[in-house]
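S.K.: Below is a structure I'd like to ask you about.
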Amino acid sequence: MSKVALVTGGTGGIGNAICKRLADDGYRVVTTYFEPEEQARAWQKKQDYEVTIYPCDVSSYDDCAKLKQAVEADVGPVDILVNCAGITRDATFKKITPAHWSAVIKTNLDSIFNVSHQFVNQMAERGYGRVVNISSVNGQKGQFGQSNYSAAKAGVHGFTMALAQEVARKGVTVNTLSPGYIGTEMVMAIPEDVRNKIVAQIPVGRLGKPEEMAAIVSFLVSDDAAFITGADISANGGQYMS
Ligand code: CAA
């Protein structure tokens with residue numbers, strides 16, 4: 001029986017690459033979507049690998065509880081969880097609104113608890129599990145115009161380190177992957193002049209590729225990575241060296 005991998009936000013740039021890579025690695029891949037169903041089904045049809053999709057607002061605990069029931073009924077217990085769903089609502093602190101703040105905290109940070117709480121305790125009971133939380137270079141260094149996003153993404157790694165300690169003896173590893181600027185729709189939405197200035201600060205001189213992030217996730221969830229837990233893996237082209 002193939003292990004089951006749940007990737008939240010698989011219809012997004014990095015999430016899609018992670019789903020594909022894990023499917024290629026032989027896992028049974030399921031993902032969540034938040035867009036209208038028709039759009040998500042069209043996305044699913046376009047993929048050249050098998051992926052099961054579920055609607056889920058990861059910022060809602062109740063939605064995540066429903067997700068657990070549906071996934072377990074359809075494909076069985078989850079062995080691997082990749083928390084990848086995330087949004088940006090960039091604005092300088094002068095212009096940021098409470099709505100910008102809470103949308104990002106709920107979707108990027110509360111979600112990590114909401115989803116993990118459904119699956120991780122059972123991983124520990126079964127004596128095996130892998131959790132990878134997708135954070136960001138901007139959670140490590142802060143970013144102008146992202147007080148909300150930087151706070152949420154920094155919080156993600158705090159969560160990783162605490163949970164990693166609680167489940168370390170139960171065969172479950174919990175790690176953070178902190179991508180830098182990757183060539184996804186999210187990054188391409190940054191105004192071009194601003195984006196060009198950011199790319200100029202990346203020592204390798206280019207944006208990262210979603211597939212490069214997926215390869216790291218593939219390793220972190222493998223048996224070979226059993227001794228890595230509570231780590232924050234930076235993959236940012238040298239933009240920030242911590
Ligand atoms: N450092 C210092 N000053 C800066 C600055 C920076 N990094 N960026 C902008 N400024 C200055 C500008 O020069 C400008 O100064 P003046 O008023 O003196 O002219 C002032 O700050 C206002 O800047 P903007 O004109 O850009 O303000 P805006 O309100 O139009 O836009 C913004 C603000 C939306 C934050 C815009 O600057 C922006 O999109 N920045 C990029 C934010 C970013 O990197 N987001 C990442 C998204 S992708 C992602 O999050 C994925 C991931 O994990 C990496």
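The values are calculated or read from the model by the stated rules, or taken from the named source; none is laboratory data. A quick note: this is a predicted structure, and the numbers were derived from the prediction, not measured. Neighbour counts are summed over all protein chains in view; Cβ atoms, including those assigned to glycine, are modelled from backbone coordinates with ideal geometry. Areas reflect the complete protein model, heavy atoms only, side chains present, ligands, DNA and RNA absent. Shrake-Rupley method; radii C 1.70, N 1.55, O 1.52, S 1.80 Å.
S.K.: What's log10 of I(q)/I(0) for the chain at q = 0.09, 0.10, 0.14, 0.15 Å⁻¹, Debye sum over Cα points only, no solvent?
M.R.: The computed values of log10 I(q)/I(0) come out as -0.35, -0.43, -0.88, -1.02.
S.K.: Another question about this same structure. Under a 1.4 angstrom probe, counting protein chains only, how are M213, M188 ranked by accessible area, largest first? Don't skip to the answer; put the middle values down first.
M.R.: Details: M213 10, M188 100 Å².
Per-residue accessible area, sorted high to low, gives M188, M213.
S.K.: Something else now. Rolling a 1.4 Å sphere over the protein heavy atoms, what is the accessible area per residue of the chain, to the nearest Å²? Walk me through the numbers before you get to the answer.
M.R.: Values: 11700 Å² over 242 residues.
Here the residues of the chain average 48 Å² of exposed surface.
S.K.: Any idea how far apart K46 and M186 come out in nm if each label point goes 7 Å out from Cα toward Cβ?
M.R.: Those two pseudo-labels are separated by 1.8 nm.
S.K.: Exposed loop trypsin sites (Lys or Arg not before Pro) only (DSSP loop, at most 13 other Cβ atoms within 10 Å): please give the longest stretch of the chain free of them, not including the sites.
M.R.: Working: sites that count: K94, K95, R206.
Here the longest segment lacking exposed loop sites spans 96-205.
S.K.: Another one. Per residue of the stretch 231-242, what does 6.51 cos²θ - 1.76 cosθ + 1.60 with θ = phi - 60° give for ³J(HN,Hα)? Whole Hz please, x for Gly and Pro, Karplus curve as stated.
M.R.: Karplus-based 3J(HN,Hα) across the stretch 231-242 equals 8, 10, 8, 8, 9, 9, x, x, 4, 9, 10, 10 Hz.
S.K.: GNM on the chain, C-alpha springs below 10 Å: top fluctuator among F219, F113, F34?
M.R.: Top of the fluctuation ranking is F219.
S.K.: On the protein heavy atoms, probe 1.4 angstrom, tell me the percent of accessible surface of the stretch 98-150 carried by carbon and sulfur. All intermediate terms of the calculation are to be shown ahead of the outcome.
M.R.: Working: 1170 of 1970 Å².
So the carbon and sulfur contribution to the accessible surface is 59 percent.
S.K.: Picking from D193, D48, D74, which is most flexible by a Gaussian network model of the chain using Cα springs under 10 Å?
M.R.: D193
S.K.: Among L207, L109, L22, whose mean-square fluctuation peaks in a Gaussian network model of the chain (Cα, cutoff 10 Å)?
M.R.: Fluctuation is largest for L207.
S.K.: Helix-only estimate, please: 222 nm mean residue ellipticity of the chain, summing -39500 (n - 2.57) across DSSP H runs of length 4 or more and dividing by its residues, to the nearest 500. Could you put the intermediate results ahead of the total?
M.R.: On the way: 10 runs with 110 residues, N = 242.
My calculation for the chain gives -14000 deg cm²/dmol from helical runs alone.
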